[in-house]
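The values are calculated or read from the model by the stated rules, or taken from the named source; none is laboratory data. Note that the structure is predicted; figures quoted are calculated from it, not measured. Here the Cβ positions follow ideal geometry from the backbone for every residue, glycine too, while neighbour counts run over all protein chains shown. With ligands, DNA and RNA removed, areas are computed over all heavy atoms of the protein, side chains included. Shrake-Rupley method; radii C 1.70, N 1.55, O 1.52, S 1.80 Å.
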Amino acid sequence: MSTHNSTSPQANSTPVAPLGLLDGADDIGGIFDMSYDSCRFTTNDFRVEQAGGLPRKSFLLATAVDESSGDFLEDHAVLLRVDGRTELPDEPELTRLRENVAREAVGAGGTHTLDVDKHTKSEMQRTAFKASIVGMFYDDGGDLAFGNDIPNISVTADYHVFKPSADALEIIASYPVAGSQKEGTRVGRVRYASAEPASAALDAPVHVDVGDFVGAKTALFGMTRTGKSNAMKVLATATAEYGAKTGRSIGQLLLDPSGEYANENQQDEKALGEVESSQVRLYGWESEDDDRQRLNLNFFEPKLIRPVWGLIRGNLTRDSIYVDDFKNADVIGPDSPEDDRSAYARAEWRRSALYATLVKAGFNAPAGVLSVPSLKKEVSMYVADQMSKDLAIDGDGNPRLTADTIVPFWKTIEANQEDIEEIKDGMIDNGLDAVLEMLAAQGCAGYKLLTPLQKYHSPATSGDFAEQIYADLCDGKMVIVDVSTGPQEAVQYVSERILRHLLERNITQFRSGKDCPDIQVYVEEAHRFFSRDHIENNQEDPYVRLAREGAKFDIGLIYATQQVSSVDHQILAETANWIVTHLHSKRETEALAQYNNFEAFTSMIRSAQDVGFARMVTKSGRYIVPMQFELFAADRLDQLSQAFKE
């Protein structure tokens, strides 16, 4: 094999696409041992240095070359990945030679200057590397195609090994995206090593097909502050830009427990929530400082009784009989009086008494009538006579209860139960009695237990935030839900309510034969929701349903966690896109090694702690690409704002 040619030979006048990857490549050596899975090639220090180094896990190309003419003998290029050094057949002799020279160079006291002849120096430079065979690029009707194996091996063929140029490396790292901005979205650049001086940084962009992520599961694994959230923001903006340019409506839901997506922070030049566009919608707790959509519910809005009652019941955790009785009261009832007139009326009474309990607990009630329970006229008249306040009664004998009258009305009933029972036998059943006991709070905390829930309430809110968010998602908006200022139970309630609602709505669409809207959901700390134990014991948990059923209903999931081993194996098996930064635990990298050939990268994943240094494989990608994720910066948001305007 010739060793004088430091650059790749030129392809024929009609170049074949795979061999075009060798344009401008550095010829660094030749293969002397080859199998279907790996090969060994010889080179020397000079060629490696001229090519700019040979980092571990770097991509190389190989093809057969005619030594006499310099022409390529085959129309394909084998893709290699450097694994490390290996031994040459005469390695023991070379090792002895290098040791002798090194020993003489050190000398006594290290002052001896060694003069090595050219032949000895040339021999000393010889070395060999082992590389994995990733697959083969070949021509498929004029298109560049790739297969994850090679159809044949020839140990006698003169295979040269080439280090591709930056342009070719861009195509390799972005395959099957051709590498242009028109066909893919740039998310970073190729990076092989943690030690990367500025002079060694590779200018080879990595592009992805954003369509790979839509409707699919995407995992981001890595320790805290190694770039997971940054990658999420890059993917979110890339997806929004992709939707704007293609006209495809893709709603994105970012659950933001730390507030870093919605608010200005030290990590980013500009927050996602600062994009000036109607396509980005922020939701948060009630605040006078901004114009965000509210996560609060109007606890006195009858049509919101289901989420309100669910929130109340979920937050009452005191172990007490009267609290359990209160939580078991049916304040919702049938949807219509035609379904069951008696049950409808009784639920209405309990709901009205609940509103009285909320007012007593300090909830700010909206102006006007809060409740008009359907009661026997004699009951209303009796209570009106007992009350110190004037009570408005309509023509049917039903009380029109406001914030001023609702508490004394129901407290009067609670204090005069025997008289009420004589007027309306059976009116105060177990359910109503339980609510009245909470209102009266005699010998117990009673209504005071509801006071902490005021932070979830706003009398100015008329709609259900879950439905509003779903409507925004259907419109292709990016929705950021900032729950950073709420307690853990609030975060859990809001997140689960939103996810449950969008699942139910998309399932309804699916079952009615209609297209489901494309929705992407971003979840942090995924190990809390997707562990095997949690999944087995919480089948109806909306996170569990999202992970198991979401893709069927066009809901994509982008989840991030530090713990690969804690995520259920079925979810991992169904994950299409993988992005892995630094994991410091051998247990976690061993769990990772079971998927997508990550076993080849486990050592580097444990050792390299650089922020944004990741290994990525996508749904349409055929191999893992080591890369540096782009920093989420202001110019990316400016680009997104421009895409929205266009």
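Before moving on, here are some points about what is shown:
- Helix 341-360 and the long axis of the chain differ in direction by around 80°, with both axes built from C-alpha atoms.
- Over the stretch 356-420, relative contact order from alpha-carbon pairs under 8 Å, at least 6 apart, %: 39
- The angle separating the long axis of helix 634-645 from the principal Cα axis of greatest extent in the chain is about 70 degrees.
- Cα-based reach from K455 at 16 Å (exclusive), listing lysines while leaving out same-chain residues under 8 positions away: K360
- Cross-linked pairs K303/K389; K514/K619; K327/K376; K376/K411; K424/K448: Cα-Cα separations exceed 24 Å for K303/K389; K514/K619; K327/K376; K424/K448.
- In a simple Cβ point-charge model (Lys, Arg +1; Asp, Glu -1; nothing else charged), the chain has a dipole of about 640 debye relative to its Cα centre.
- Dipole of the chain, positive direction: furthest Cα of L432, F409, T317, with charges on the beta-carbon: T317
- Over the stretch 18-65: Kirkwood hydrodynamic radius from C-alpha pairwise inverse distances, Å: 12.0
- Counting only heavy atoms of the protein chains and using a 1.4 Å probe, S320 has close to 30 Å² of accessible surface.
- Between the Cα long axis of helix 91-106 and the first principal axis of the chain there is an angle of about 90°, rounded to the nearest 10.
- The distance from the alpha carbon centre of the stretch 218-268 to that of the stretch 491-530 is 17 Å, rounded to a whole number.
- Listed peptides 505-514, 220-229, 298-307 by packing density, highest first (mean Cβ within 10 Å): 220-229, 298-307, 505-514
- Helix-only [θ]222 nm of the chain, DSSP H runs n ≥ 4, -39500 (n - 2.57) each, per residue, nearest 500: -10000 deg cm²/dmol
- Plainly put, the stretch 137-245 has a radius of gyration that is 1.03 times its Kirkwood radius, both from alpha-carbon atoms, as the Rg/Rh ratio.
- Fraction of accessible area attributable to carbon and sulfur, the stretch 312-439 (%, probe 1.4 Å): 40
- Proximity of backbone amide H atoms, modeled 1.01 Å from N, is registered between I28 and V161, F162, K163 at under 5 Å, excluding neighbours fewer than 5 places apart on the same chain.
- Computed magnitude of the charge dipole of the stretch 379-495 (debye, nearest 20; Cβ of K, R +1, Cβ of D, E -1): 580
- What the chain shows is 45 Å² of accessible area per residue, with the surface traced by a 1.4 Å probe over protein heavy atoms.
- Each of S278, S58, N364 was scored by the projection of its Cα onto the charge dipole of the chain, and the greatest displacement toward the positive side belongs to N364; charges sit on the C-beta of Lys, Arg, Asp and Glu.
- Protection proxy ranking, highest mean first, for peptides 34-43, 130-139: 130-139, 34-43, where packing is the per-residue count of other beta-carbon atoms within 10 Å, averaged.
- In the distance distribution for the stretch 464-618, Cα-Cα pairs more than 23 Å apart total 44 percent.
- Packing, as the average of other Cβ atoms within 10 Å across residues, places the peptides 350-359, 451-460 in the order 350-359, 451-460, highest first.
- Spatial separation of Cα centroids for the stretch 610-646 and the stretch 360-431, in angstrom: 61
- For R85, residues with placed amide H under 5 Å, excluding near neighbours: K130
- The stretch 368-463 shape via C-alpha gyration tensor axes, a/c threshold 1.5: oblate
- What you get for the stretch 257-347, charging only the Cβ of Lys and Arg (+1) and of Asp and Glu (-1), is a dipole of about 520 debye around the Cα centre.
- Eligible aspartates and glutamates near K245 by straight Cα distance, threshold 14 Å, same-chain separation 8 or greater: E183, D209, E646
- Karplus (6.51, -1.76, 1.60) ³J(HN,Hα), θ = phi - 60°, over the stretch 415-420, in Hz, Gly and Pro reported as x: 7, 10, 5, 5, 5, 5
- Residue (of Q628, G24, F146) at the positive-pole extreme of the chain, dipole from beta-carbon charges: Q628
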